[in-house]
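The structure under discussion appears below in the form of structure tokens.
The values are calculated or read from the model by the stated rules, or taken from the named source; none is laboratory data. For clarity, every value in this text was computed on a predicted model and none was experimentally measured. Note that we place each Cβ from the backbone using ideal geometry, even for glycine, and neighbour counts take in every protein chain shown. These accessible areas exclude ligands, DNA and RNA; they are computed on the full protein's heavy atoms, side chains included. Shrake-Rupley method; radii C 1.70, N 1.55, O 1.52, S 1.80 Å.
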Amino acid sequence: MSGNPRLSQAHLLGIRPLNASDIELIFSTAEQFKEVLNRPIKKVPSLRDITVVNLFFENSTRTRISFELAEKRLSADVINFSASASSVNKGETLIDTVNNILSMKVDMVVMRHPAPGAADLLARKVRATIINAGDGTHEHPTQALLDAFSMRERLGDLRGRKVAIIGDILHSRVALSNILCLQLLGAQVRVCGPPTLIPKWIGALGAEVSYDVRETLRWADVANVLRIQMERQDLRYFPSLREYAMYFGINKPMLDELDRPILIMHPGPINRGVELTSDVVDSGHSIILDQVENGVAIRMAVLYLLAPRDRMNPS
Ligand code: CP
């Protein structure tokens, strides 16, 4: 990597604190790392002597593996912490847990936590670089960055492009981060789903709202489809998954009747047959596995741009 580029922020707590230049810098850095990831030797020494802990207080497949792989490709030392096998179960607080880990000379913390604001709290209370890997229903910044990066790879400049975010907006951290990121990049954003799963405050962000999935597919260049988050639903927001799939699920005939191309995205994990049928997931419209691939390069870029400069390998 050349030069000494930095983000405007010391941590990645969400998309909200970032500006458009930060996003451009993350994307241009990720492009260089993506090129590295396609070489036979996929490793660079950039974070040699930097130690990163991955703290996951919630389940994850993609984000956890993607961060770990990104850290290893950058030659960082990596510690994985799983809350279920830790002394958190004996009553230790989040701050005490993290301060104990940091006293072992750890430099950066990647954290997923069920509480909105947990990453922000950590950034104010401990001395380490904090990267939010998803905090409850609040933000999932690296997901939004890899989503927008994947869209741009296919469509070029996103200014004026129409992106629909379809599904469970109410319980989704991906929705808020996507709306903020896409608007910084100049895209038009619309959310679509049952009225009970669209929060009333969404209009204040400048996103359009629709309850008609067929009309939304006709409008959109991209449909980023979100999972129904049953684990966060303490009320019944719709009668049954079968009924949700009937009114808001996307199937192949719905795409076949469109008169222009559309990209289908999903952050995963997918409920096949609920928000998307299998023939949509596996169709030529879908760039879902591109999103996962790009996640590693985006997370390498974020780690690289936020790592403590005085500790980094100069190469
Ligand atoms: N997209 C996403 O956050 O997936 P995981 O929950 O598997 O990390």
(message) Of everything in region 57-100, what is open to solvent by 70 Å² or more (accessible area, probe 1.4 Å), within 16 Å of the ligand (Cβ to nearest atom) and either modelled with pLDDT under 95 or under 22 Å from residue 145 (Cα atoms) (or both)? Give them in sequence order.
(response) 59, 61, 62, 64, 65, 84
(request) Output yes when any residue across region 296-314 is open to solvent by less than 30 Å² (accessible area, probe 1.4 Å) and basic (Lys, Arg), and no when none is. (result) yes
(request) List the number of the failed condition for residue 201; all other conditions in (1) closer than 30 Å to residue 7 by Cα; (2) at pLDDT 95 or above hold. (result) (2)
(message) Condition first: among the hydrophobic types (A, V, I, L, M, F, W, C), more than 16 Å from the ligand (Cβ to nearest atom) and surrounded by 14 or more Cβ atoms within 10 Å (Cβ to Cβ). Now tell me which residues in region 228-273 satisfy that.
(response) 238, 241, 245, 248, 250, 254, 255, 262, 263
(message) For a quick check of your reading of the model, give me the residue pairs whose first member lies in region 54-83 and is basic (Lys, Arg), whose second is within 14 Å of the ligand (Cβ to nearest atom) and not in a loop (DSSP other than H, G, I, E, B), with beta-carbon atoms closer than 8 Å and at least 6 apart or on different chains.
(response) 62/292; 62/295; 64/54; 64/56; 64/80; 64/112; 64/133; 73/296
(request) Could you check residue 139 against (1) crowded, with 24+ Cβ neighbours inside 10 Å; (2) out of contact with any Ser or Thr (no Cβ under 7 Å at 6 or more places or on another chain) and say which number it fails? (result) (2)
(request) Go through the residues of region 186-195 one by one and say whether even a single one is open to solvent by 20 Å² or more (accessible area, probe 1.4 Å), aliphatic (A, V, I, L, M) and outside any helix (DSSP H, G or I). (result) no
(message) Looking at residue 16 and the list (1) in a helix (DSSP H, G or I); (2) more than 16 Å from the ligand (Cβ to nearest atom); (3) in contact (Cβ under 8 Å) with a residue 60 or more places away in the chain; (4) open to solvent by 60 Å² or more (accessible area, probe 1.4 Å), which single condition is not satisfied?
(response) (1)
(message) Can you go through 146, 122 and tell me which one is under 16 Å from the mean Cα position of the chain (by Cα), of a type outside the set (Lys, Arg) and either closer than 30 Å to residue 48 by Cβ or at pLDDT 95 or above (or both)?
(response) 146
